[in-house]
Amino acid sequence: MAIVLKSPEQIARMRVAGVLASEVLDMIGEHVQPGVTTARLDEICHRHMVDVQGTIPATIGYKGYQHATCISINQQICHGIPGERKLKRGDIVNIDVTVIKDGWYGDNSRMYYVGEVAPHARRLCETAYEAMVLGIRAVKPGATLGDIGHTIQTFAQSRRFSVVEEYCGHGIGSNFHEDPQILHHGKPGKGVTLRPGMTFTIEPMINQGKRHARVLADGWTVVTKDRSLSAQWEHTIHVTEDGYDVLTLAEGRSL
Ligand code: MF3
Ligand code: CO
Ligand code: CO
């Protein structure tokens with residue numbers, strides 16, 4: 001599949017979708033409390049998307065997935081399935097939301113703390129956030145995908161954490177997943193050269209221990225092999241004439 005460049009009009013539509021995805025993540029924050037089930041959080045997000053926003057949850061029906069969000073707790077790297085598990089104080093939780101608005105996709109995820117969280121777990125979440133931001137700041141025409149991956153990997157490893165390699169970011173637009181794949185590791189100068197109009201996610205998954213992942217028997221939930229904690233943040237990005245633009249940031253917000 002070729003990389004699809006988007007026109008300014010298409011970018012404007014993607015920003016609408018992106019900001020709506022971010023608003024779901026804003027809305028759910030106060031509900032992330034000890035004792036709540038992840039199924040309940042998913043239901044609240046689902047209702048908000050459909051009833052308040054008029055958006056379609058992109059994940060429902062995607063390869064048979066049946067939920068409006070992915071909710072990944074502690075050693076779960078990504079694609080955690082909402083269910084009857086109750087959050088408890090000290091958990092770190094990723095909520096990943098992808099909405100479709102008027103045919104355009106916005107994909108956004110954040111980490112949440114359940115009550116008070118141990119310093120080492122906070123440091124992991126903060127490092128994953130900074131890794132994503134540094135990766136985003138590497139985006140400009142003429143830079144390469146390898147530059148983004150290298151930036152993320154170098155920073156994460158400088159904190160003695162590891163970068164998951166089995167899952168990656170992706171082109172996005174009027175499809176959930178388009179070319180190119182956005183690896184969160186790599187070598188400077190290697191890979192596809194960035195051009196204005198490209199749109200993709202940057203969504204590094206950073207582990208406290210080793211980088212290796214495995215999928216649980218449910219066929220979805222990805223966990224660290226060594227059961228160490230994992231954290232992830234995700235934004236949808238547009239390559240501009242002179243840098244980057246974050247499509248999943250509401251007006252007035254910054255990274
Ligand atoms: N939103 C995820 C991503 O960042 C994809 C979830 S696909 C699902 O690409 F089927 F697991 F929901
Ligand atoms: Co994504
Ligand atoms: Co996502």
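Counting only protein heavy atoms and using a 1.4 Å probe, what share of the accessible area of region 1-160 belongs to carbon plus sulfur, as a whole percent? Mind dumping the intermediate values first?
On the way: 3580 of 6950 Å².
C and S fraction of accessible area: 52 percent.
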Sketch the reach of a paramagnetic label on T154 as a point 7 Å from Cα along Cα-to-Cβ, and name the residues of region 120-135 whose backbone nitrogen lies under 13 Å away. 134-135
Out of the total accessible area of region 165-209 (probe 1.4 Å, heavy atoms of protein only), what percent is carbon and sulfur? 49
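Over all directions, average the projected area of the Cα convex hull of the chain and note it in nm².
Working: hull surface 50.4 nm².
Projected over every direction and averaged, the Cα hull of the chain covers 12.6 nm².
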For region 42-92, build the convex hull from the C-alpha positions and give me its volume per residue in Å³. 90
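What does the charge count around F155 come to, taking other residues whose C-beta lies under 12 Å from its C-beta (Lys +1, Arg +1, Asp -1, Glu -1)? All intermediate terms of the calculation are to be shown ahead of the outcome.
On the way: positive: R137, R159, R160; negative: E126, E130.
Computed value for this residue: +1.
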Which whole-Hz ³J(HN,Hα) couplings does region 8-14 yield from phi under the Karplus relation 6.51 cos²θ - 1.76 cosθ + 1.60, θ = phi - 60°, glycine and proline marked x? x, 5, 5, 4, 4, 5, 5
Averaged per residue, what accessible surface does the chain expose to a 1.4 Å probe, in Å²? 44
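Can you give me the relative contact order of the chain as a percent, contacts being Cα pairs under 8 Å and 6 or more apart? Intermediate results must be reported in sequence, preceding the final value.
Numbers: 658 pairs, mean separation 59.7, N = 255.
Relative contact order, the chain: 23 percent.
The values are calculated or read from the model by the stated rules, or taken from the named source; none is laboratory data. Being a predicted model, the structure only gives us computed values, none of them experimental. Cβ: placed from backbone, ideal geometry, glycine included. Neighbour counts: every protein chain shown. Side chains are part of the model used for accessible areas, which takes the heavy atoms of the whole protein and leaves out ligands, DNA and RNA. Shrake-Rupley method; radii C 1.70, N 1.55, O 1.52, S 1.80 Å.
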